[in-house]
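J.: Structure below; questions to follow.
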Amino acid sequence: MLFQGIGAAGGSFSLVPWVVFLPVLGLLLNLLIGKRLGERGVGWIASLAVGAAFAVSALLAFSLMQHPEAVRVPLFDWITVGDFSASWAFRVDTLSVTMMLVVSGVGTLIHIYAAGYMHHDVRHNGEPARYTRFFVYMNLFIAAMMILVSADNYLMLFVGWEGVGLCSYLLIGFWFEKGAGEIANAKAAKKAFIANRIGDFGLLIALFLIFWNFHSLQFDEVFRQAAGAQPWVIRAITLFMLLGVAGKSAQIPLYVWLPDAMAGTTPVSALIHAATMVTAGVYLVTRTHVLYSLDATSQSTVAWVGAATALFAATIAVGQYDIKKVLAYSTISQLGFMVAAVGMGAYVGGMFHLITHAFFKALLFLAAGSVILGMESGQEVAYGHGGHGSSAAHEEFDPQDMRNMGGLRGRMPFTFWVYTIGSLALAGIAPLSGFFSKDEIMVAASQMNPAIFVILLLAVFLTAFYSWRQVSLVFFGSSRTRAAGAASENAPIITVPLIILAVLAVLGGLINFPGVNTLSGWLEHTLGALPEAAFNPLIAGVSLIVALAGIAAAWLSYGRQTATRPNRLDPIENNAAPLFNALAHRWWVDEMYQAVFIRPYQAIANFLAQVVDQGLIDGIVNGAGVVSRAAAQGVRQIQTGFVRSYALMVLLGVVAILTYLIVWRVP
């Protein structure tokens with residue numbers, strides 16, 4: 001049942017607009033007076049704004065515990081055209097509030113961390129004045145995501161959907177003049193923007209079809225009419241919507257933007273991967289579960305796209321050396337698990353993994369940022385502060401390349417332990433949170449699609465392998481560079497958020513612990529009594545053994561670090577060079593896209609610009625100008641400026657007219 005307004009369910013629901021207003025207020029304050037407040041003031045305002053939004057989300061969750069029915073809170077009439085109307089209205093139900101808690105809760109920790117991280121980052125990049133701008137963008141990102149998850153209709157959801165796309169563009173390209181050739185970061189931002197516009201085209205077509213068939217974009221009204229719609233309509237809507245999901249949640253074939261998004265600073269990477277943008281697609285499918293449940297073909301397609309992405313991205317992660325790109329491909333893979341889950345109808349399992357993934361992936365990205373800061377501080381000690389007057393080796397040094405690390409367990413012990421916790425949770429090792437959430441997906445796959453179960457099991461092995469490969473390369477063995485040998489641990493403003501996230505990564509499985517199923521009961525109020533997979537000790541045991549095997553294989557390959565020293569080959573490259581080359585080059589998918597789509601498109605664009613536009617169209621226009629100028633030059637010859645000449649011309653004209661009338665017109 002849906003309550004209109006707040007009277008039936010209590011006044012606390014009226015607070016829901018503040019989940020958007022508070023981040024907007026934070027960005028406005030920083031925009032107007034941030035430069036006068038200094039870095040500390042800017043960081044406090046931005047963090048408190050998101051923290052206050054989390055407090056509001058918690059109050060909404062408490063209210064839903066008392067009144068679990070969905071509540072619609074209209075703010076104002078937005079669009080009215082004929083019989084169609086769309087309100088700017090917020091939806092408070094167990095699904096939307098779950099997303100609000102994840103976005104604002106993890107977002108708050110990322111903002112606190114960023115307050116310390118960006119103090120170093122803006123100075124490392126030589127632009128301290130950009131500190132305020134960064135937090136304006138970060139608050140805007142949270143506000144856009146809150147609009148998306150709190151919307152009561154698809155049109156308002158689409159505003160948030162586009163908003164997070166804009167914010168990702170601004171934050172990925174925050175250091176737009178940096179990177180290879182001083183344009184790499186700008187190109188990464190553009191790539192993310194364009195890839196998402198392709199996905200957004202699919203979502204727009206889906207929304208057009210929804211409006212055309214149901215004459216409404218409000219969730220409950222669409223779902224009420226869905227059962228009476230023609231099957232092909234439901235299939236078209238859900239498949240076009242899947243294209244939007246592939247864009248936002250980085251699934252095959254539109255996943256290629258997310259690894260390049262690592263051009264953004266580390267807090268941005270954490271926010272995109274853990275709490276905001278990439279989770280939007282999983283949320284959209286879950287929110288639209290009524291339509292997907294009506295078409296088995298669409299559900300199966302979603303599940304297969306997710307499973308294929310989970311395995312494909314996991315293979316690529318094995319061959320990467322950039323510490324953040326390993327995590328980026330890991331996110332793509334884990335999103336594949338979530339998409340496969342919701343495609344199989346295991347919506348609670350997909351949402352469960354979304355929540356736990358937010359915990360341990362935010363932990364991993366922020367811990368990776370701690371490693372990068374430590375390496376940069378070691379770089380300054382080893383090669384000279386700020387890089388001025390330093391050696392060529394310093395200029396070529398990459399603090400994100402794991403081959404330049406090693407031995408950081410002793411130099412950064414705190415970061416080592418939290419990174420290890422995050423990696424084990426990602427690998428699905430019991431009793432950490434990732435074990436329980438991933439197990440629900442594996443059980444669902446074993447019951448509903450054995451082929452997908454096998455694919456996901458392979459992805460589990462690779463996930464554990466690349467997770468421990470990363471831990472081994474970064475923290476074990478001896479330092480492979482002078483910078484790694486001089487690295488140091490970071491300040492509490494960096495490490496305290498890591499402690500909280502590590503605790504959540506450890507205990508997050510209690511959200512839907514076997515036999516308790518708190519999350520299942522909570523989401524049931526929104527999703528209905530959907531069949532969910534119960535805990536299966538056999539499947540859990542098999543998944544755990546496979547994950548442990550992956551860790552063992554990684555330790556045998558990288559634990560002693562007999563390779564990956566400067567000028568040494570990777571152990572996999574030593575034994576399977578062609579395979580490792582394919583993994584390192586990401587199976588050449590980007591190169592294939594360049595050859596099949598981008599270069600032909602650029603050739604067509606150049607032809608249209610140079611031949612059609614500049615050659616033909618400009619030629620016609622410019623030719624008309626040339627003719628006009630030539631005619632004008634001819635006419636100018638008779639413009640002498642003498643009155644007698646003009647009188648003679650008038651006389652000759654009169655004579656000519658009279659002659660014509662007398663000779664040819666008079667009978």
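The values are calculated or read from the model by the stated rules, or taken from the named source; none is laboratory data. The model shown is predicted, which means the values in this text are computed figures rather than measured ones. So basically every Cβ, Gly included, is an ideal-geometry build from the backbone, and we count neighbours across all protein chains shown. What goes into the accessible areas is simple: the full protein's heavy atoms, side chains included, and nothing from ligands, DNA or RNA. Shrake-Rupley method; radii C 1.70, N 1.55, O 1.52, S 1.80 Å.
J.: Within the stretch 476-487, is there a residue that is in contact (Cβ under 8 Å) with a residue 60 or more places away in the chain, closer than 18 Å to Val318 by Cβ, surrounded by fewer than 23 Cβ atoms within 10 Å (Cβ to Cβ) and not basic (Lys, Arg)?
T.: The answer is yes, given that some residue of the stretch 476-487 is in contact (Cβ under 8 Å) with a residue 60 or more places away in the chain, closer than 18 Å to Val318 by Cβ, surrounded by fewer than 23 Cβ atoms within 10 Å (Cβ to Cβ) and not basic (Lys, Arg).
J.: With of a type outside the set (D, E, K, R), out of contact with any Gly (no Cβ under 7 Å at 6 or more places or on another chain) and under 22 Å from Ala554 (Cα atoms) as the only criterion, which of Val460, Val454 stands out?
T.: Only one candidate passes the filter, namely Val454.
J.: May I pose another question? Considering the stretch 455-513 alone, what residues qualify as being in contact with a Phe, Trp or Tyr (Cβ under 6 Å, 6 or more places away or on another chain) and of a type in the set (D, E, K, R)?
T.: Once the filter is applied, which keeps residues that are in contact with a Phe, Trp or Tyr (Cβ under 6 Å, 6 or more places away or on another chain) and of a type in the set (D, E, K, R), the stretch 455-513 yields Arg469, Glu489.
J.: Criterion first (of a type in the set (Gly, Ala, Ser) and within 30 Å of Thr315 (Cα to Cα)) does Ala605 satisfy it?
T.: Judged against the criteria, Ala605 is not a match.
J.: If a residue has to be open to solvent by 10 Å² or more (accessible area, probe 1.4 Å), within 16 Å of Val371 (Cβ to Cβ) and not hydrophobic (A, V, I, L, M, F, W, C) to count, how many in the stretch 488-509 make the cut?
T.: Adding up the residues that qualify gives 4.
J.: Also: Can you find a residue in the stretch 109-127 that is among the basic types (Lys, Arg), more than 24 Å from Val278 (Cβ to Cβ), modelled with pLDDT under 90 and surrounded by fewer than 24 Cβ atoms within 10 Å (Cβ to Cβ)? So that I can check it myself, show each step before the final result.
T.: Pass one, the stretch 109-127, residues among the basic types (Lys, Arg): 123.
From what is left, the residues that are more than 24 Å from Val278 (Cβ to Cβ) are 123.
Next cut, modelled with pLDDT under 90 only: 123.
Okay, now just the ones that are also surrounded by fewer than 24 Cβ atoms within 10 Å (Cβ to Cβ), so 123.
So far as the stretch 109-127 goes, yes, one or more of its residues are among the basic types (Lys, Arg), more than 24 Å from Val278 (Cβ to Cβ), modelled with pLDDT under 90 and surrounded by fewer than 24 Cβ atoms within 10 Å (Cβ to Cβ).
J.: Free of Cβ contacts under 8 Å to residues at least 40 places away in the same chain, open to solvent by less than 50 Å² (accessible area, probe 1.4 Å) and among the hydrophobic types (A, V, I, L, M, F, W, C): which single residue out of Leu254, Leu171, Leu242, Leu209 fits that description?
T.: Answer to the check: Leu209.
J.: Within the stretch 510-524, take every residue that is assigned to a loop (DSSP other than H, G, I, E, B) and touching a residue at least 24 places away in the same chain (Cβ under 8 Å) and give me the one that is nearest to Ala368 (Cα to Cα).
T.: Filtering first and then ranking leaves Phe513.
J.: What are the residues in the stretch 525-543 that are touching a residue at least 12 places away in the same chain (Cβ under 8 Å) and either crowded, with 19+ Cβ neighbours inside 10 Å or farther than 13 Å from Phe436 by Cβ (or both), if any?
T.: Passing the criteria: His525, Thr526, Leu527, Leu530, Pro531, Glu532, Ala533, Ile539, Ala540, Val542, Ser543.
J.: Hey, another quick one. Could you grab me the full set of residues in the stretch 38-81 that are charged (D, E, K, R) and assigned to a helix (DSSP H, G or I)?
T.: Step one: of the stretch 38-81, the residues charged (D, E, K, R) are 39-40, 69, 72, 77.
Hits for the stretch 38-81 are Glu39, Arg40.
J.: Only one of Val381, Val342, Val371 is open to solvent by 10 Å² or more (accessible area, probe 1.4 Å) and in contact (Cβ under 8 Å) with a residue 40 or more places away in the chain. Can you tell me which? Spell out the reasoning first.
T.: Details: Val342 fails: open to solvent by 10 Å² or more (accessible area, probe 1.4 Å); Val371 fails: open to solvent by 10 Å² or more (accessible area, probe 1.4 Å).
Among Val381, Val342, Val371, only Val381 is open to solvent by 10 Å² or more (accessible area, probe 1.4 Å) and in contact (Cβ under 8 Å) with a residue 40 or more places away in the chain.
J.: If you scan the stretch 287-338, which residues turn out to be under 18 Å from the mean Cα position of the chain (by Cα) and hydroxyl-bearing (Ser, Thr, Tyr)?
T.: Once the filter is applied, which keeps residues that are under 18 Å from the mean Cα position of the chain (by Cα) and hydroxyl-bearing (Ser, Thr, Tyr), the stretch 287-338 yields Thr309, Tyr329, Ser330, Thr331, Ser333.
J.: Then there's this: Give the residue, chosen from Ala577, Ala609, that is under 30 Å from Ser557 (Cβ atoms) and modelled with pLDDT under 85.
T.: It is Ala577.
J.: Give me the pairs, please: first residue somewhere in the stretch 589-614 and surrounded by 12 or more Cβ atoms within 10 Å (Cβ to Cβ), second residue anywhere and of a type in the set (Val, Ile, Thr), beta-carbon distance under 8 Å, and either six or more positions apart or on two chains.
T.: Partner pairs satisfying both residue conditions: Val589/Val256; Asp590/Val256; Tyr593/Val256.
J.: Looking at the structure I just gave you, is Val268 closer than 24 Å to Val460 by Cα, under 19 Å from the mean Cα position of the chain (by Cα) and either assigned to a loop (DSSP other than H, G, I, E, B) or not basic (Lys, Arg) (or both)?
T.: no
J.: With closer than 21 Å to Tyr137 by Cβ and small (Gly, Ala, Ser) as the only criterion, which of Ala53, Ala61 stands out?
T.: Testing whether each residue is closer than 21 Å to Tyr137 by Cβ and small (Gly, Ala, Ser) leaves just Ala53.
J.: Considering only the stretch 182-194, I want to know if a residue exists there that is free of Cβ contacts under 8 Å to residues at least 60 places away in the same chain and over 23 Å from Phe597 (Cα atoms).
T.: Looking for residues that are free of Cβ contacts under 8 Å to residues at least 60 places away in the same chain and over 23 Å from Phe597 (Cα atoms), one finds at least one in the stretch 182-194, hence yes.
J.: Can I ask one more? Can we say Leu426 is closer than 16 Å to Met338 by Cβ and open to solvent by less than 10 Å² (accessible area, probe 1.4 Å)?
T.: Yes, satisfied.
J.: Quick check on my filter: what residues within the stretch 257-269 are open to solvent by less than 10 Å² (accessible area, probe 1.4 Å), closer than 29 Å to Gln594 by Cβ and not polar (S, T, N, Q)?
T.: Trp257, Leu258, Pro259, Ala261, Gly264, Val268
J.: Same structure, new question: Suppose we filter the stretch 652-664 for residues that are at pLDDT 75 or above, open to solvent by 100 Å² or more (accessible area, probe 1.4 Å) and among the hydrophobic types (A, V, I, L, M, F, W, C); how many remain? Spell out how you get there, then give the answer.
T.: As a first pass, look at the stretch 652-664 and keep what is at pLDDT 75 or above: 652-663.
Subset that is open to solvent by 100 Å² or more (accessible area, probe 1.4 Å): 657, 660, 662.
Adding the requirement that they be among the hydrophobic types (A, V, I, L, M, F, W, C) leaves 657, 662.
Summing the residues that are at pLDDT 75 or above, open to solvent by 100 Å² or more (accessible area, probe 1.4 Å) and among the hydrophobic types (A, V, I, L, M, F, W, C) in the stretch 652-664 gives 2.
J.: When you check Ala188 against the structure, is it open to solvent by less than 10 Å² (accessible area, probe 1.4 Å), at pLDDT below 95 and under 17 Å from the mean Cα position of the chain (by Cα), yes or no?
T.: When the stated conditions are applied, Ala188 passes them.
J.: Please find, within the stretch 510-524, the residue that is most open to solvent (accessible area, probe 1.4 Å) out of those that are touching a Leu at 6+ places or on another chain (Cβ under 7 Å) and aliphatic (A, V, I, L, M). Full working, then the answer.
T.: Residues of the stretch 510-524 touching a Leu at 6+ places or on another chain (Cβ under 7 Å): 511-512, 523.
Cutting the leftovers down to aliphatic (A, V, I, L, M) gives us 511, 523.
Numbers: Ile511: 52, Leu523: 1 Å².
Step by step, filter the stretch 510-524, then rank; the result is Ile511.
J.: Criterion first (at pLDDT 95 or above and open to solvent by less than 10 Å² (accessible area, probe 1.4 Å)) does Tyr347 satisfy it?
T.: Numbers: at pLDDT 95 or above: no; open to solvent by less than 10 Å² (accessible area, probe 1.4 Å): yes.
It is false that Tyr347 is at pLDDT 95 or above and open to solvent by less than 10 Å² (accessible area, probe 1.4 Å).
J.: Which of the residues that make up the stretch 295-331 are more than 20 Å from Ala261 (Cβ to Cβ) and outside any helix (DSSP H, G or I)?
T.: Of everything in the stretch 295-331, just one residue is more than 20 Å from Ala261 (Cβ to Cβ) and outside any helix (DSSP H, G or I), namely Asp295.
J.: Suppose we filter Ala328, Ala314, Ala308, Ala296 for residues that are among the aliphatic types (A, V, I, L, M), open to solvent by less than 10 Å² (accessible area, probe 1.4 Å) and over 22 Å from Met375 (Cβ atoms); which single one remains?
T.: Every option except Ala314 fails the conditions.
J.: Hey, another quick one. Just to be sure I understand, how many residues within the stretch 544-574 are in a helix (DSSP H, G or I), touching a Lys or Arg at 6+ places or on another chain (Cβ under 6 Å) and either open to solvent by 50 Å² or more (accessible area, probe 1.4 Å) or at pLDDT below 90 (or both)? Lay out the reasoning, then the answer.
T.: Taking the stretch 544-574 first, the residues in a helix (DSSP H, G or I) are 544-558, 571-574.
Next, only the ones that are touching a Lys or Arg at 6+ places or on another chain (Cβ under 6 Å) stay: 554, 558.
If we keep only those that are either open to solvent by 50 Å² or more (accessible area, probe 1.4 Å) or at pLDDT below 90 (or both) too, we end up with 558.
Number satisfying all stated conditions: 1.
J.: Continuing with this model, one more query. For the subset of the stretch 219-239 comprising residues that are without any contact (Cβ under 8 Å) to a residue 60 or more places away in the chain, hydrophobic (A, V, I, L, M, F, W, C) and farther than 24 Å from Ala70 by Cβ, which member is most open to solvent (accessible area, probe 1.4 Å)?
T.: Trp232
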